[in-house]
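Notes follow once the structure below has been shown.
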Amino acid sequence: MKKNLNLRSLAAQAIEQVVEKGQSLSSVLPPLQQKVSDKDKSLLQELCFGVLRTLPQLDWLIHKLMARPMTGKQRTLHYLIMVGLYQLLHTRIPAHAALAETVEGAVAIKRPQLKGLINGVLRQFQRQQEELLAEFAQSNQQYLHPDWLLQRIQRAYPQQWQQIIEANNQRPPMWLRVNRQHHSRAAWQSLLEENGMQGFAHETYPDAVRLETPTAVHSLPGFEEGWVTVQDAAAQRCVTFLEPENGERILDLCAAPGGKTTHILEVAPQASVIAVDIDEQRLSRVYDNLKRLGMKADVKQGDGRYPAQWCADEKFDRILLDAPCSATGVIRRHPDIKWLRRDRDIKELAQLQAEILDAIWPHLKSGGTLVYATCSILPEENSQQISAFLKRTPDAQLSVTGTTGQPGLQNLPGAEEGDGFFYAKLLKQ
């Protein structure tokens, strides 16, 4: 490992890439994690995720603590101070260690002359912490969401918006899917307990287990052998609605990274599955997942709006369309979504979803099932999307209706529940 590698400065650089350059954390973080030791990988992840989760609070504090914000080439130091504040506020790292390591980060960023400034800002925060936090709690930044998104959630869920915001600001639970081809869920949970870990079975989703304490995948019994997969409980429900059967030809559209592809094959190992995604890079993860689980599927790169290009005029018994969406239901897993999305994106995404739905529907056999799913909580992408589709598609019939009377079912993120997810099960007359 390089001698002058400073974890806090790496975190600051990653956060700057996300906030200033619009890069996703999932593309920025892995190459940086390659530079640090295994034990430091998870701390680097915690710092990046944590700062992005609490960004408005940290930004607000810096404006209170500094006369002038850092700009230009010194902007990385703005994010380094954020990393320092996050450690003092939200981690168990001893304050003296957090301060010392963060101040040293200025050297790694080649601004050693600013060590005194960073030290001064962080110590001033320690002295004024109580009154600053009391003032922040009264500010309009306290919800840690951009205004446009907060307003959309409040409009869509006038009764539940605070619970949704609170769930979004938590660390996510770790859900697993037990491979029923290898073990019953109860049998695998026994193996988990033998390894000193505790898991809780979901009462509705038959393969889902929530870990009491999140852990590294390699410590899970049989992970390398494909006995278990990391997948949120709500994502597992897609296949419950799809009800795949052996011998059927099934399309998993927008399939990367392949969690639902492999779930289909666990439930119906004799099904013939084609997994399609537009993103060639992300398709490599579909191959990885299939390989670890010892499964085969026909994997293709293709655009959901132009199915003739990758399946000619073929028709399928079942189609799972996990549509591209705002991902507003998985913010706790990907806090950078709050800062990467824009209000105007929602209309564009809804348009794209409608185009894919219209293009793929003719490729469903008569009597076939299409499950439309998103990891969004916004009605424009979900119930409103399906309402409009049903109006213009006379041979489509809705099979599942939510308790609200709106078409489809909306899952909202909960502390011990699955992520925010929407499902509509459509049958072709």
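When the helices in the chain are scored as -39500 (n - 2.57) per DSSP H run of 4 or longer and the sum is shared across all residues, what 222 nm value do you end up with, to the nearest 500 deg cm²/dmol?
-14500 deg cm²/dmol
Which residue, His96, His334, His78, tops the fluctuation ranking in a GNM of the chain built on C-alpha contacts under 10 Å?
Comparing His96, His334, His78 in a Gaussian network model of the chain, the most mobile one is His96.
Which aspartates and glutamates have a Cα lying under 19 Å from the Cα of Lys73, excluding residues fewer than 8 positions away in the same chain?
Glu16, Glu20, Asp59, Glu104
If each residue's Cβ is checked for other Cβ atoms within 10 Å, how do Glu135, Glu416 rank with the fewest at the top?
In order of increasing Cβ crowding within 10 Å: Glu416, Glu135.
For a protection proxy built on the mean count of beta-carbon atoms within 10 angstrom, sort 358-364, 214-220, 45-51 highest first, please.
Highest-to-lowest ranking by the protection proxy: 45-51, 358-364, 214-220.
With respect to the cross-link table entries Lys35/Lys291; Lys338/Lys365; Lys35/Lys300, which display a Cα-Cα separation exceeding 29 Å?
Pairs exceeding 29 Å: Lys338/Lys365; Lys35/Lys300.
Contour minus end-to-end for Gln159 and Gln301, with contour as 0.36 nm per residue of separation and end-to-end as the Cα-Cα distance?
Details: separation 142, 0.36 × 142 = 51.12 nm, distance 4.17 nm.
That works out to 46.9 nm of additional length.
Looking only at the stretch 38-66, which residues have a backbone nitrogen under 13 Å from a spot 7 Å from the Cα of Glu135 in the C-beta direction?
Backbone N within reach: 60-66.
Sequence gap at least 6, Cα distance under 8 Å: using those rules, report the relative contact order of the stretch 233-428 to the nearest whole percent.
Numbers: 405 pairs, mean separation 42.4, N = 196.
Normalised by residue count, the contact order of the stretch 233-428 is 22 percent.
Please say if the stretch 233-428 is rounded, prolate or oblate, where rounded means a/c under 1.5 for a ≥ b ≥ c the square roots of the C-alpha gyration tensor eigenvalues, and otherwise the choice is prolate for a/b larger than b/c and oblate otherwise?
On the way: a/c = 1.38, a/b = 1.14, b/c = 1.21.
The shape class here is rounded.
Within 10 Å of each residue's Cβ, count the other Cβ atoms and sort Cys311, Cys325 from fewest upward. All intermediate terms of the calculation are to be shown ahead of the outcome.
Values: Cys311 19, Cys325 26.
The order, fewest Cβ neighbours first, is Cys311, Cys325.
Counting only C-alpha contacts under 8 Å and six or more residues apart, can you give the relative contact order of the stretch 169-296 as a whole percent?
It rounds to 23 percent for the stretch 169-296.
Set Lys and Arg Cβ to +1 and Asp and Glu Cβ to -1, take the dipole of the chain about its Cα centre, and tell me which of Cys238, Pro362, Ile153 lies farthest positive.
Sorting the options by dipole projection puts first Ile153.
Need one word for the stretch 7-142: rounded, prolate or oblate. Basis is the Cα gyration tensor (sqrt eigenvalues a ≥ b ≥ c); a/c below 1.5 gives rounded, then a/b vs b/c decides. Don't skip to the end; give the middle numbers.
On the way: a/c = 1.45, a/b = 1.34, b/c = 1.08.
Rounded shape, in that the Cα axes give a/c under 1.5.
Each reported figure results from applying straightforward, stated rules to the coordinates on display, with no laboratory input. No experiment lies behind these values; they were computed from the predicted model shown. Positions of Cβ are backbone-derived with ideal geometry, glycine not excepted, and every protein chain shown enters the neighbour counts.
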